[in-house]
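Read-outs: derived from the displayed coordinates by stated rules, not from any lab. Keep in mind it's a predicted model, so treat the numbers as computed, not measured. Every residue, glycine as well, gets a Cβ built from its backbone with ideal geometry; the counts of neighbours run over all protein chains shown.
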Amino acid sequence: MKRRPDLPPRTRGRFARRLTSAAARGQFELPVCQACGTVQYPVREACRSCLSDNLRWEAVAPGATMLSATIIRHSTDAYFQTLRPLGMASVRLDAGPVAMVRYDCSDGPVAPGTRLQIQNQLDRSGEAILVAVPEQAKGSSDVLRDPNRQIGGKTVLITGADGGIGKALVKALRDAGAAKIIAATRRPQESAADSVVQSLLLDVTDQAAVARAAELHGHEVDILINNAGFTAVAGLLDADTMDGATREMQVNYFGTLAMIRGFAPHFSARKQGVIVNVLSVLAHVSLPSMGSYCASKAATLSLTQGVRAELLPWGVRVCAVFPSTVDTAASADSPPPKLAPAQVASAIVTMIRDGSEESYPGAIASDLAGALRADAKAVEREMALGLPEPR
Amino acid sequence: MQLPRSYEGVAVAVPVSTVRPRTTRRSVHWFFGQTLDQLIRQAGISKSDIDGLAVASYTLGPDNAASLAEYFDMEPRFILDLPYGGAAGVMAMTRAARAIQAGDASIIACLAADLAPSGYGIYSNFSAFTRDHIYPYGGGGANATFALITANYMAANGAVAEDFGRICVAQRANGAQHALTMFKKPLSMEDYLSARLIADPLRLFDCVPRCCAGEGFLVMSEDRAQSLGLPFARIGGAIERVNGYSQEPVMSHVGIAMDRDRLYNQASMSPQDMDFVQAYDDYPVIVMMQLEALGFCGHGEAPKLVREKRLTADGDLPLNTGGGMLALGQPGAAGGSLGMNEALRQLTGKSIGATVADAEAGVVSCFGTVNYDRGLCSSAAILTKGRAA
């Protein structure tokens with residue numbers, strides 16, 4: 001794919017691109033030699049010390065000390081030329097190696113010896129970049145100056161805005177400084193007058209209505225949150241009919257696809273925009289008691305990957321949140337523990353701000369994500385046999 | 001100390017340089033052809049007398065020394081490609097000298113030529129580490145890397161901008177007299193200090209201008225050089241070091257600092273015997289590290305040295321007497337042969353610029369191959385004036 005000059009370079013080799021998978025989760029991982037413990041940076045496929053090829057990408061200590069800093073005032077790259085001046089520094093990672101990093105140079109070069117915290121962030125091309133921020137900094141900082149990470153002053157459209165997560169999203173985005181929130185719902189709402197929140201009657205399964213909404217609001221929406229969802233709570237075989245499974249696909253998959261198809265062209269044209277798909281950790285593995293729902297979320301996960309790839313060259317971000325069971329009307333019959341809707345909404349706000357692509361809010365989802373990365377088949381059996389696992 | 005075999009019996013001769021335009025529509029093969037043509041004419045030999053080719057270039061790929069042999073209809077029995085940029089000059093000479101001693105070839109042409117890169121993204125693919133871990137951090141190229149090295153050196157050794165400026169001003173004074181200079185006008189300290197920042201703390205005149213050019217010289221036996229009536233230089237000693245001081249978090253030595261004693265012992269000489277220093281000058285901080293490595297002062301003491309010494313060709317520490325790349329431009333990998341050719345011109349009475357009076361011996365130091373955060377290759381040689389036996 002030819003690179004657009006108004007986006008950062010995508011130059012990495014395949015092995016180094018593995019930095020991206022941790023950055024997508026907002027984590028800092030490097031290859032660690034399993035034979036001698038040496039942390040590899042620049043990343044290598046053989047241990048620089050003992051030559052073992054038994055390397056594993058592991059979370060490493062985020063601390064670092066400034067060695068030397070410069071400010072790039074001239075670049076041979078069209079994208080960087082537009083962002084000058086840029087802070088670039090070499091730091092000694094607490095994990096051992098020396099790394100090149102970006103830093104905020106608005107107050108001049110950071111002094112040698114300064115303690116720093118390294119964040120592994122995605123830039124606008126989806127490449128991982130090591131960013132150095134002050135050691136005590138809380139949360140993610142926008143050293144990469146990515147307009148897609150701002151929420152303040154932006155217009156957000158949320159589907160399913162009357163549901164549990166939807167209501168929490170409206171509140172969280174208002175608190176985050178969104179200038180306008182278009183709260184889309186299938187059923188008419190008693191809308192109280194509000195300077196920020198505006199209601200929109202929209203059934204995401206009505207393709208013509210979605211197209212009209214995109215025509216009407218595409219020019220103003222910066223962030224699209226596909227939150228509308230449906231759960232039949234049935235197995236794939238134990239349901240009497242396929243109506244529930246059909247409706248799950250219509251809302252969860254085709255509804256999301258229709259919304260993205262409507263709004264993405266407006267985002268691409270502006271070379272800016274964020275799409276957030278509210279998925280479920282069950283997009284990765286089937287829970288038999290709601291098998292058709294899981295299938296619809298798995299389809300929407302695949303959709304997420306596909307549109308992300310198609311939109312990446314246009315500077316449009318596509319992210320997904322993967323919660324475990326959330327305490328909403330739709331999951332009234334599901335057993336605890338359940339996430340508070342506000343936790344999911346807050347995870348989405350954080351994800352937009354820190355530039356990551358995936359978020360697993362709460363301990364259950366993040367544990368399950370880790371278990372899936374380690375051994376997906378084991379998790380599949382665990383689900384098949386029913387939770388909790390006998391010890 | 002175990003010393004390598006001497007380079008006795010080997011002659012280095014016929015320094016040639018092509019025109020040096022800032023841009024060109026010609027291919028790099030043209031510059032190689034011009035270089036080879038000058039070598040043959042000035043040496044009074046025919047093309048078929050050259051039976052060895054050592055080639056350095058960044059822009060020749062996918063071609064190589066063998067491709068050039070076919071291109072120029074030659075049949076060498078010894079070829080060598082040296083993709084080591086600024087370090088290639090001395091490395092080509094020492095390898096060619098050993099091949100001459102071993103009888104693997106009788107006349108080896110050491111050729112280097114490159115085109116100036118242009119356009120966006122030119123340094124994006126310089127090496128795997130650069131591509132993966134340097135370029136995505138701002139595309140600052142070598143300027144950014146050496147800015148970090150310079151900032152670290154200043155903090156460690158108390159160097160100030162004027163110290164680097166002294167090197168640049170002296171070299172431009174030397175270069176103003178050179179036949180091939182890109183700048184007839186000398187540089188003042190005020191010009192240097194008031195120039196815009198490129199990558200803090202580097203200013204415009206710390207960074208070499210790029211050009212397109214070819215450089216070449218011949219390596220053969222002394223007997224052959226004498227029978228051809230060619231003035232020549234001898235190799236008193238030579239050292240090189242790759243990835244030296246690799247544990248330094250920020251580069252503060254050039255690798256040959258590890259090998260200095262071997263260099264002078266092999267030549268039975270000392271720094272005081274050197275009539276000039278030709279040091280690779282991609283950035284002044286690297287010149288300082290080479291002066292330290294070569295024993296003209298202690299580690300970290302070059303700022304004091306350049307305040308005390310006069311660095312022009314008529315000074316008490318003649319440095320880059322042709323002006324170096326700061327005056328003659330950096331023709332990519334051929335920049336690594338500028339110091340070699342300037343040393344050969346001074347020692348064979350063929351100076352085409354400022355002349356060091358009665359030069360009998362000098363040192364050439366090369367440096368290059370920036371891979372991640374530093375240059376990996378460092379090499380140096382002592383050359384002495386050759387005399388008929």
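For B:SER221, enumerate residues with amide H under 5 Å from its amide H, sequence gap 5+ or separate chain, H modeled in the peptide plane.
Excluding prolines and chain starts, which carry no amide H, the hits are B:ALA11.
Tell me, how many Å apart are the Cα centres for region A:8-62 and for region A:287-303?
32
Averaging sequence separations of C-alpha pairs under 8 Å and six or more residues apart, then dividing by the length of region A:122-231, give the relative contact order as a whole percent.
Working: 147 pairs, mean separation 29.4, N = 110.
It rounds to 27 percent for region A:122-231.
Using a Förster distance of 51 angstrom, determine the FRET efficiency expected from the C-beta separation of B:ASP358 and B:SER194, and round it to 0.05.
Numbers: r = 38 Å, r/R0 = 0.75.
With a Förster radius of 51 Å, E is 0.85.
Can you list the cysteines of chain A that have no other Cys Cβ under 4.7 Å away?
That list is A:CYS105, A:CYS294, A:CYS319.
Would you mind giving the mean number of other chain beta-carbons within 10 Å of the Cβ of each residue in A:94-105, as a whole number? Walk me through the numbers before you get to the answer.
Numbers: counts 0, 0, 0, 1, 7, 4, 13, 2, 3, 1, 0, 1.
Partner-chain Cβ atoms within 10 Å, mean over residues of A:94-105: 3.
In whole Hz, with x marking every Gly and Pro, tabulate ³J(HN,Hα) for region B:131-146 from phi via Karplus 6.51 cos²θ - 1.76 cosθ + 1.60, θ = phi - 60°.
4, 7, 10, 10, 4, x, 9, x, x, x, x, 4, 4, 5, 4, 7
Calculate the spin-label point distance for B:GLU70 paired with A:ASP94, positioning each point 7 Å from the Cα along the beta-carbon direction, and give it in nanometres.
5.7
Please list B:331-338, B:350-357 highest first by mean number of surrounding beta-carbon atoms within 10 Å per residue. Write out the running numbers ahead of the final one.
Details: B:331-338: 31.0, B:350-357: 17.4.
Answer by packing, highest mean first, reads B:331-338, B:350-357.
Counting other Cβ atoms within 10 Å, keep those with at most 13, restrict to DSSP loop, and tell me which trypsin sites (Lys or Arg not before Pro) in region B:151-187 are left.
Working: sites: B:ARG166, B:ARG172, B:LYS184; in loops: B:LYS184.
Loop-located and lightly packed - B:LYS184.
To the nearest whole number, what is the average tally of beta carbon atoms from other chains within 10 Å of the beta carbons of peptide B:144-155?
Working: counts 10, 4, 1, 8, 9, 3, 2, 9, 5, 1, 1, 5.
Mean partner shielding for this stretch: 5.
Once you place label points 7 Å from the Cα toward the Cβ at B:LEU204 and B:VAL242, how far apart are they in nm?
3.9
For the peptides A:135-144, B:72-81, B:279-288, A:227-236, what is the packing order when you average, over each peptide's residues, the other Cβ atoms within 10 Å and list the highest mean first? It would help to have the intermediate numbers written out before the result.
Working: A:135-144: 14.5, B:72-81: 16.1, B:279-288: 27.7, A:227-236: 20.3.
Result, highest mean first: B:279-288, A:227-236, B:72-81, A:135-144.
Over 27 Å between Cα atoms, which of A:LYS154/A:LYS338; B:LYS309/B:LYS385; A:LYS138/A:LYS377 qualify?
On the way: A:LYS154/A:LYS338 31 Å; B:LYS309/B:LYS385 24 Å; A:LYS138/A:LYS377 37 Å.
Over 27 Å Cα-Cα: A:LYS154/A:LYS338; A:LYS138/A:LYS377.
As a check on your grasp of the helix formula, calculate [θ] at 222 nm for chain B: sum -39500 (n - 2.57) over DSSP H runs of n ≥ 4, divide by the residue count, round to the nearest 500.
Details: 12 runs with 122 residues, N = 389.
Helices in chain B give a 222 nm mean residue ellipticity of -9500 deg cm²/dmol.
Work out how much length A:ASP238 to A:ARG84 would gain on full extension: take 0.36 nm times their residue separation and subtract the Cα-Cα distance, in nm to one decimal.
Values: separation 154, 0.36 × 154 = 55.44 nm, distance 6.05 nm.
This chain segment gains 49.4 nm when fully extended.
Which whole number gives the average, over all residues in B:371-378, of C-beta atoms from other chains lying within 10 Å of the residue C-beta? All intermediate terms of the calculation are to be shown ahead of the outcome.
Numbers: counts 1, 6, 7, 2, 0, 0, 0, 0.
For this peptide, the per-residue mean of nearby foreign Cβ atoms is 2.
Once label points are set 7 Å from the Cα along Cα→Cβ at both B:TRP30 and A:ALA371, what is their separation, rounded to one decimal in nm?
6.9
All other residues with a Cβ under 13 Å from the Cβ of B:ARG20 taken together, and with Lys, Arg as +1 and Asp, Glu as -1, what is their net charge? Walk me through the numbers before you get to the answer.
Values: positive: B:ARG22, B:ARG26, B:ARG210; negative: B:ASP114, B:GLU215.
Net local charge, B:ARG20 excluded: +1.
Roughly how big is chain A's charge dipole about its Cα centre, with Cβ charges of +1 (Lys, Arg) and -1 (Asp, Glu), in debye to the nearest 20?
On the way: 42 positive and 38 negative charges, 268 e Å.
So the magnitude is around 1280 debye.
Between B:SER365, B:SER268, B:SER378, which gets the highest mean-square fluctuation from a Gaussian network model of chain B, Cα cutoff 10 Å?
Largest GNM mean-square fluctuation: B:SER268.
Name all residues of region A:11-40 having a backbone nitrogen under 14 Å from the label point set 7 Å from the Cα of A:GLU58 along its Cα→Cβ direction, giving them as ranges.
A:29-40
Once a ≥ b ≥ c are taken as the square roots of the eigenvalues of the Cα gyration tensor of region A:16-145, is the result rounded (a/c under 1.5), prolate (a/b larger than b/c) or oblate (a/b not larger than b/c)? Provide the component values of the computation, followed by the final result.
Details: a/c = 1.83, a/b = 1.57, b/c = 1.16.
Taking the square roots of the gyration eigenvalues as a ≥ b ≥ c, region A:16-145 is prolate.
Rounded to the nearest 500, what is chain A's calculated 222 nm mean residue ellipticity when only DSSP H runs of at least 4 contribute -39500 (n - 2.57) each, over all residues? Can you show the working numbers first?
Values: 10 runs with 114 residues, N = 391.
Per the formula, -9000 deg cm²/dmol.
Expressed as a rounded percentage, what relative contact order does chain A have, with Cα pairs under 8 Å and six or more residues apart? Provide the component values of the computation, followed by the final result.
Working: 792 pairs, mean separation 52.9, N = 391.
The value is 14 percent.
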